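Everything on this sheet refers to the single structure shown next.
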Amino acid sequence: MSFDDARVLLMDAYRRFRAQEKYGGNLVQTLLQIEVSVLSRASDQELQQRLAMAREWF
C-alpha cells in the first residue's frame, strides 16, 4: 500500500468520524486510532475494497 492509499483511507475515516466531535474530548482521535488498528489487521483484498469505496468520495 502506498502512502497516498493510506492517506485516502484515513481521510475517509476522518470524514466518517468528524460528526462525533460534538461529544467533546478526544473521541475522534480515539476512533481514528481504532480504525488504524483495524486497517493494520485487514487483508489486502479488504483494503482494496475499502480503498475503492473511499476513492468514490475523493
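Assuming 0.36 nm per residue, please report the length gained on full extension of the stretch residue 56 to residue 2 beyond their Cα-Cα distance. Could the numbers behind the result be given before it?
Working: separation 54, 0.36 × 54 = 19.44 nm, distance 1.78 nm.
Additional length available on full extension: 17.7 nm.
Considering only the other residues whose Cβ falls under 11 Å of the Cβ of residue 8, what net charge follows from Lys and Arg at +1 and Asp and Glu at -1?
That works out to 0.
Counting each DSSP H run of 4 or more residues in the chain as -39500 (n - 2.57), what helix-only mean residue ellipticity at 222 nm follows after dividing by all residues, to the nearest 500 deg cm²/dmol? Before the final figure, lay out the partial values.
Working: 3 runs with 44 residues, N = 58.
Using -39500 (n - 2.57) per qualifying helix, the result is -24500 deg cm²/dmol.
Which whole-number percentage describes the relative contact order of the chain, with Cα contacts under 8 Å and a sequence gap of 6 or more? Write down the numbers at each step before the final one.
Numbers: 25 pairs, mean separation 26.2, N = 58.
In percent, rounded to a whole number, it is 45.
Taking the Cβ of residue 47 as the centre, find all other residues whose Cβ is under 15 Å away and add up their charges (Lys, Arg: +1; Asp, Glu: -1).
Working: positive: 7, 41, 50, 55; negative: 4, 5, 12, 35, 44, 46.
Local net charge: -2.
Normalise the Cα radius of gyration of the chain by 2.2 N^0.38 Å (N = residues in it) and let me know the number.
Numbers: Rg = 11.8 Å, N = 58, 2.2 N^0.38 = 10.3 Å.
After normalising by residue count via 2.2 N^0.38 Å, the value is 1.14.
Heavy-atom accessible area per residue, the chain, 1.4 Å probe: how many Å²?
Roughly 77 Å² per residue, with all protein chains present.
In the full protein assembly as shown, how much of residue 55 is accessible to a 1.4 Å probe, in Å² to the nearest 10?
Number for this one is 120 Å².
The values are calculated or read from the model by the stated rules, or taken from the named source; none is laboratory data. The shown structure was predicted, so the numbers you read here are calculated from the model rather than taken from an experiment. Cβ atoms come from the backbone with ideal geometry, glycine included; neighbour counts cover every protein chain shown. Remember, those area values only see protein heavy atoms, side chains included, never the ligands or the DNA or RNA. Shrake-Rupley method; radii C 1.70, N 1.55, O 1.52, S 1.80 Å.
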